[in-house]
1. Report relative contact order for segment 9-106 in percent, whole number only (criteria: Cα-Cα under 8 Å, sequence separation at least 6).
2. In the chain, which helices (entire DSSP H runs) extend 18 Å or more along their own long axis, judged by Cα positions, while averaging at least -1.0 on the Kyte-Doolittle scale?
3. Past the 19 Å Cα-Cα mark, which pairs from Lys62/Lys102; Lys65/Lys100; Lys80/Lys102; Lys53/Lys82?
4. By counting other Cβ atoms within 10 Å of each Cβ, how are Thr64, Thr17, Thr10 ranked from fewest to most?
5. Once you put a point 7 Å from the Cα of Asp27 and another 7 Å from the Cα of Lys80, both along the Cβ direction, what distance in nm separates them?
6. Let me know the charge dipole size of the chain about its Cα centre in debye, to the nearest 20, where only the beta-carbon of Lys, Arg (+1) and Asp, Glu (-1) is charged.
7. Which is the longest run of the chain containing none of the trypsin sites (Lys or Arg not before Pro) found in DSSP loop states (not H, G, I, E, B) with at most 13 other C-beta atoms within 10 Å?
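Nothing in this text is a laboratory measurement; each read-out follows from the coordinates by a stated rule. Since this is a predicted model, take the numbers as computed values, not measurements. Reconstructed Cβ throughout: ideal geometry from the backbone, glycine too, with neighbour counts over all protein chains shown.
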Amino acid sequence: MRTVEYEDFTYNLNSKTMLLSTYYEMDELEPLYSLMDSFRTYINRHKDFSLAKRVGYNLLIKFTKQLTKIIPGDKKALEKLKKEVAEAEPKGIASYDWLKEKIAELE
């Protein structure tokens, strides 16, 4: 999946999102950070899809990165992340439900 490039941007975005969640779930941090960097570059290069979509995927990357840095049991950092996610939610975070689920798992 990592090497597949789709013609349709939506398929590409969905496959990268699925890969991001898979790396996170498997606690594969090096590939996850590499994917986040390349995903962000992909989003910023392709101006073909809407600004709202670009913002949503960039927020997913940002919050996933923050998730990886939270130490289990760090309630202060977790509350800060929850607040940021809640404030950004109206902007249309990609995979919002997955992100909320991962935050809940750390509580």
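1. For segment 9-106, the relative contact order is 28 percent.
2. Helices passing the filter in the chain: 9-25, 29-45, 51-69, 75-88.
3. The answer is Lys53/Lys82.
4. Result, fewest neighbours first: Thr10, Thr17, Thr64.
5. 2.3 nm
6. Taking the Cα centre of the chain as origin, the dipole is about 500 debye.
7. 48-107
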